[in-house]
Amino acid sequence: MNGSHEDGGKHISGGERLIPFHEMKRTINALLEKGLSHSRGKPDFMQIQFEEVHEPLKTIQPLPVHTNEVSCPEEGQKLARLLLGREGVPRKVIEKAYEQIPEWSGVRGAVVFDIHTGKRFDQTKEKGVRASRMDWPDANFEKWALHCHVPAHSRIKEALALASKVSQHPAAVAELCWSDDPDYITGYVAGKKMGYQRITAMKEYGTEEGCRIFFIDGSKDVNTYIHDLEKQPILIEWEEEHDL
Ligand code: WAQ
Ligand code: MG
């Protein structure tokens, strides 16, 4: 569901999947259900689109996961900034991005932020950039969740699949994310070195301001960065040996 918002209405929900044709009906039904029964409200507009993928599929491992228990959003946000710094985002750049997070809370995709210039890289305004064409088959995800003692929720599956895809790009440095859904306050910071670092409180319950920032290094080759996020098909497949 990727609604148009020329009327200024608020974005309720989105979702992107990568599936074999025989799962089409089940998948579209699930997306419909997700859009119609959402904690952000009732949609007055919805778009469901599918397209055949011709590019070769790439299969990758999920990022390693760690859950950081924090007692309040202030502690969570402080930890997030610390982790971003460790992954290579300069402190000044973290501050610059954080200054603009309130302005970006209505963006329907992600903001791409260049750590080289300290400026927003994409020019998509309120639309943002949507990573697409990634998925994680349920059976493998459930096996992974059991092994890693993480709840087997589709929200976690989708977030970790997205973060794993996004982080594997050569120009990617780190990602910062928390939901815009009022009933979900766990967020994460992710990167090649630190993996997927869940943080159990990134905002207060009841608030609808979310965040998703992809930090990239603009001094690297970024010509195809946005195209790759949108078009490169990636499947997640966990193999236990990689986690030992
Ligand atoms: N590409 C880019 N940005 C996206 C995408 C996408 N495919 N999907 C969502 N976003 C952006 C968009 O601006 C949303 O408003 C925002 O991210 C939040 O999306 O416990 O649920 O789906 O480990 O509400 C993370 C923690 C949960 C999960 C994140 O985000 C866990 C979440 P939501
Ligand atoms: Mg949401």
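For the range 52-94, how many residues are free of Cβ contacts under 8 Å to residues at least 12 places away in the same chain and within 21 Å of the chain's Cα centre (by Cα)? Steps first, please.
So the first thing to find is which residues in the range 52-94 are free of Cβ contacts under 8 Å to residues at least 12 places away in the same chain, and the list is 52, 54, 74, 78, 82, 85, 91.
Keeping just the survivors that are within 21 Å of the chain's Cα centre (by Cα) gives 78, 82, 85.
Matching residues across the range 52-94 total 3.
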Practice task
Could you grab me the full set of residues in the range 194-238 that are touching a helix residue (DSSP H, G or I) at 6+ places or on another chain (Cβ under 8 Å), open to solvent by less than 30 Å² (accessible area, probe 1.4 Å) and closer than 20 Å to Ser132 by Cβ?
Solution key: Tyr196, Cys211, Ile213, Phe214, Phe215, Ile216, Leu229, Ile234, Ile236
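Going by the structure shown, is Ser154 of a type in the set (Ser, Thr, Tyr), closer than 23 Å to Leu57 by Cβ and away from ligand 2 (no atom under 16 Å from the Cβ)? First the steps, then the outcome.
On the way: of a type in the set (Ser, Thr, Tyr): yes; closer than 23 Å to Leu57 by Cβ: yes; away from ligand 2 (no atom under 16 Å from the Cβ): no.
Here the answer is no, as Ser154 does not meet what is asked.
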Practice task
Please work out which residue is farthest from ligand 1 (Cβ to nearest atom), limiting yourself to the range 30-67 and to residues that are under 27 Å from Lys193 (Cα atoms) and open to solvent by less than 30 Å² (accessible area, probe 1.4 Å).
Solution key: Ile60
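Closer than 26 Å to Thr207 by Cβ and away from ligand 2 (no atom under 16 Å from the Cβ), is that true of Glu103?
yes
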Exercise for the section: Would you mind telling me which numbered condition in (1) surrounded by 13 or more Cβ atoms within 10 Å (Cβ to Cβ); (2) farther than 20 Å from Leu162 by Cα Glu87 fails? Expected result: (2)
Practice task
Could you grab the pairs with beta carbons closer than 8 Å, sequence gap of 6+ or different chains, first residue in the range 210-222 and small (Gly, Ala, Ser), second one away from ligand 2 (no atom under 16 Å from the Cβ)?
Solution key: Gly218/Asp114; Gly218/Ile115; Gly218/His116; Gly218/Thr117; Gly218/Phe121; Gly218/Ala171; Ser219/His116
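The values are calculated or read from the model by the stated rules, or taken from the named source; none is laboratory data. These figures come from a predicted structure and were not determined experimentally. Glycine also receives a Cβ, built like all others from the backbone with ideal geometry; neighbour counts cover every protein chain displayed. Protein only, heavy atoms only, side chains kept; ligands, DNA and RNA dropped before computing areas. Shrake-Rupley method; radii C 1.70, N 1.55, O 1.52, S 1.80 Å.
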